[in-house]
Amino acid sequence: MRHLLDFQDVNKNHLENLIEKTRSLEFKSENIDSLALLKFDEPSTRTRLSFAIAAEKLGIKTFESSDVISAKQKGEILKHEIETYISMGIEILVLRTKKNNIDDYREFKDIGVVSAGFGNKSHPTQALIDISTLFSLNKINEKLTPITYIGDVKHSRVFESGRQLLNLLGFKVGVFTDKNLLPENKNDLEIYESWDEVFESSNAIELLRVQKERLQDNEEINFDEYINNYQLTQEILGKSQSDLAVLHPMPINIGIEISKDAIEDRKIKYKDQLSHAIPSRIAAFKYVRDEI
Ligand code: CP
């Protein structure tokens, strides 16, 4: 059984298979008769539902748990938790957590672990959605950076996985944000200073929510300043190229990263992303089961 915790151990051929499967948008019922546990220790609308539906379509029976209802509260260690799942025939653990202990899961051999949003480290199936959407919209092209991420890249796992996936495919990504919201590792990034620079260099942008739940005690966001400098408005959209694609992984905070007047613009493509949600989770299940 493989893991899909991030793209660290995924070779290029498998990456292309994952993207191809995510782009196929076709659901073929199969009966592979296995068990998966969806363990979500943080809230989710899209990811949990689409993993559950993807599993149903593949004939995988799912169960749900979380730290709140498990024996974690009573001091259980991770090894014993995972041994319990394996002993009960759980083949795949789909995990959403606020923790950053991703490496602790790589060692488990008899269960495939899929990140459904891991701390601020990874959200690989969201990256598959985003990059597949870019391919479908023909935005992976000759521009310097196929996509520029706008906003709170420092705390965003969507950004970390998107960046990792695009790097492995040979692309750099752009970033346009406040200097306090830049990640520590900036090696593979093109950092832009204005909307004009962004539009010159990328035909797609991805807006990111300010990840309030991941701000440290010593980190403060001046929201007025943030909105003033980085909120996407109808006026800014009016200055962009006609074929700009605006992505957002959701949930969207209207009034912060995007204004109320801009959200209905035809350049906003979150529905295109949503159409890839179930296929990306089908691809993830197939990947961990060594089927693609
Ligand atoms: N994009 C995303 O992960 O959405 P949810 O938090 O609703 O799962």
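A few comments on the model shown:
- Within the stretch 64-104, the residues that satisfy the criterion of being in contact with a helix residue (DSSP H, G or I) (Cβ under 8 Å, 6 or more places away or on another chain), touching a residue at least 40 places away in the same chain (Cβ under 8 Å) and closer than 21 Å to Pro43 by Cβ are Leu93, Val94, Leu95, Arg96, Lys98.
- Qualifying residue in the stretch 65-84 (condition: away from the ligand (no atom under 16 Å from the Cβ), under 18 Å from Arg2 (Cα atoms), in contact with a Leu (Cβ under 7 Å, 6 or more places away or on another chain) and acidic (Asp, Glu)): no
- For the stretch 112-125, the count of residues that are away from the ligand (no atom under 15 Å from the Cβ) and either at pLDDT below 95 or touching a helix residue (DSSP H, G or I) at 6+ places or on another chain (Cβ under 6 Å) (or both) is at least one.
- Checked against (1) surrounded by fewer than 17 Cβ atoms within 10 Å (Cβ to Cβ); (2) out of contact with any Leu (no Cβ under 9 Å at 6 or more places or on another chain), Asp104 meets all criteria but (2).
- Here Leu37 fulfils each of the conditions (1) away from the ligand (no atom under 16 Å from the Cβ); (2) assigned to a helix (DSSP H, G or I) apart from (2).
- Among the residues of the stretch 45-62, those identified as under 15 Å from Val114 (Cα atoms) and not in a helix (DSSP H, G or I) are Ile60, Thr62.
- Evaluating Val10 against the criteria (1) in contact (Cβ under 8 Å) with a residue 60 or more places away in the chain; (2) aliphatic (A, V, I, L, M); (3) farther than 26 Å from Tyr270 by Cβ leaves one unmet condition, (3).
- Verdict on Glu213 being under 23 Å from the mean Cα position of the chain (by Cα), within 16 Å of the ligand (Cβ to nearest atom) and open to solvent by 80 Å² or more (accessible area, probe 1.4 Å): yes
- Close contacts from the stretch 175-187, counting a first residue that is over 19 Å from Glu197 (Cα atoms) and a second that is among the aliphatic types (A, V, I, L, M) and open to solvent by 10 Å² or more (accessible area, probe 1.4 Å), with Cβ to Cβ under 9 Å and a gap of 6+ residues or different chains, come to Asn180/Ile221; Pro183/Leu189.
- Residues within the stretch 157-204 that are of a type outside the set (Ser, Thr, Tyr) and in contact with a His (Cβ under 7 Å, 6 or more places away or on another chain), tallied: 2
- Annotation note: of Ser24, Ser50, the sole residue that is within 16 Å of the ligand (Cβ to nearest atom), under 23 Å from Ser275 (Cα atoms) and not assigned by TED's automatic domain parsing to the domain that holds Met250 is Ser50.
The values are calculated or read from the model by the stated rules, or taken from the named source; none is laboratory data. Treat the numbers as computed from the prediction; the structure is a model and nothing was measured. We place every Cβ from the backbone using ideal geometry, glycine too, and count neighbours over all the protein chains shown. SASA here: full protein model, heavy atoms, side chains in, ligands and nucleic acids out. Shrake-Rupley method; radii C 1.70, N 1.55, O 1.52, S 1.80 Å.
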